[in-house]
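Worksheet: one structure, shown below.
Where a number appears in this text, it was derived from the coordinates with a stated rule and is not lab data. Because the structure is predicted, anything quoted here is derived from the model rather than measured. Virtual Cβ from ideal backbone geometry, glycine too; neighbours counted across all protein chains shown.
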């Protein structure tokens, strides 16, 4: 999850291109994390110290950790901590970027700091993101109004987990935007109702993004909009919303679903609260809409 969040931050900032990001995301499974990258990420060493150790490695038959301890940059406990982290997935994207000469160690160190500052991430929130803790990451990135935040936080957290589970592990979200109305292309939508509320949920995006997303869920290669991709993505929305109302029932709130619908052009208006959340996926950007009618 960290790779997707940080990678799309770099893409939106213009540090990497869409092609570069796509390439390194595909290569993640082949990348071995380097101790220098991990040491920078944990704040044990800076980029200059890591580069110095790498230069010394080229001149002597010693491992990175041995040299770093000899230089006083690491202590034994820190090295053991880094060795345990070496197989973690949270920094594989950064390592791939460095290996492909897209970023330097210094670039990586600077962008990590800028990323935390740009999103006002505490050490706890940043640590949760690196560890793949969806619940805490959602609270860090998505700020709903206080009366709405509990149910919507739960909805978004479950949605992200279901996308990661069924469709795309390289997915991230951006800041929530409150709107009064939104016009959607290729919109899949469904209502969730209880005794007091009529909630609207919707997914929309450009045709190629929808086809890629639906194709991954259905394990099919869709090339044009038609009944099959529409049914597939509608089924995903229905599956997710069904799991959500089961969770709410377990907490004592009974809800029911309407039949999911699809529209090539669809406008949603609300006199209450309506939220739009960008979803960055391998296939492009989708919009997720939640709110009350």
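Footprinting exposure proxy ranking of 45, 255, 103, fewest other C-beta atoms within 10 angstrom first, gives 255, 103, 45. Within the listed set 259, 16, 182, the Gaussian network model of the chain (springs between alpha-carbon atoms below 10 Å) gives the highest mean-square fluctuation for 259.
Along the Cα-to-Cβ line of residue 257, 7 Å from the Cα, sits a label point; which residues in the stretch 170-205 have backbone N less than 11 Å from it? Once the point is set 7 Å along Cα→Cβ of residue 257, 190-192 turn out to lie under 11 Å by backbone N, inside the stretch 170-205.
So how tilted is helix 2-13 from the main axis of the chain? Cα-based, degrees 0 to 90, rounded to 10. Tilt of helix 2-13: around 90 degrees.
With a Förster radius of 41 Å, plug the Cβ-Cβ distance of residue 177 and residue 83 into 1/(1 + (r/R0)^6) and report the FRET value to the nearest 0.05. Efficiency, rounded to the nearest 0.05: 0.45. Go ahead and set up a Gaussian network model of the chain, Cα springs under 10 Å, then flag whichever of 59, 39, 96 fluctuates most. Highest fluctuation among the options: 59.
Look at where the Cα atoms of the stretch 8-72 and of the stretch 147-202 average out, and the two centres are 36 Å apart.
Using a Förster distance of 22 angstrom, determine the FRET efficiency expected from the C-beta separation of residue 227 and residue 185, and round it to 0.05. Once rounded, the FRET efficiency stands at 0.75. Site pair residue 75 and residue 101 shows an inter-label distance of 3.9 nm when each label is modelled 7 Å from Cα along Cα→Cβ. Taking the fewest neighbouring Cβ atoms within 10 Å as the starting point, the ordered list for 75, 290, 50 is 75, 290, 50. Summed over qualifying helices (DSSP H, 4 residues or more, each -39500 (n - 2.57)) and divided by its residue number, the chain shows a 222 nm mean residue ellipticity of -15500 deg cm²/dmol. Seen against the Cα atoms of the chain and their longest principal axis, helix 227-250 is set at about 90 degrees. Classify the stretch 2-130 from the C-alpha gyration tensor, please: rounded if a/c falls under 1.5, else prolate or oblate depending on whether a/b exceeds b/c. Prolate.
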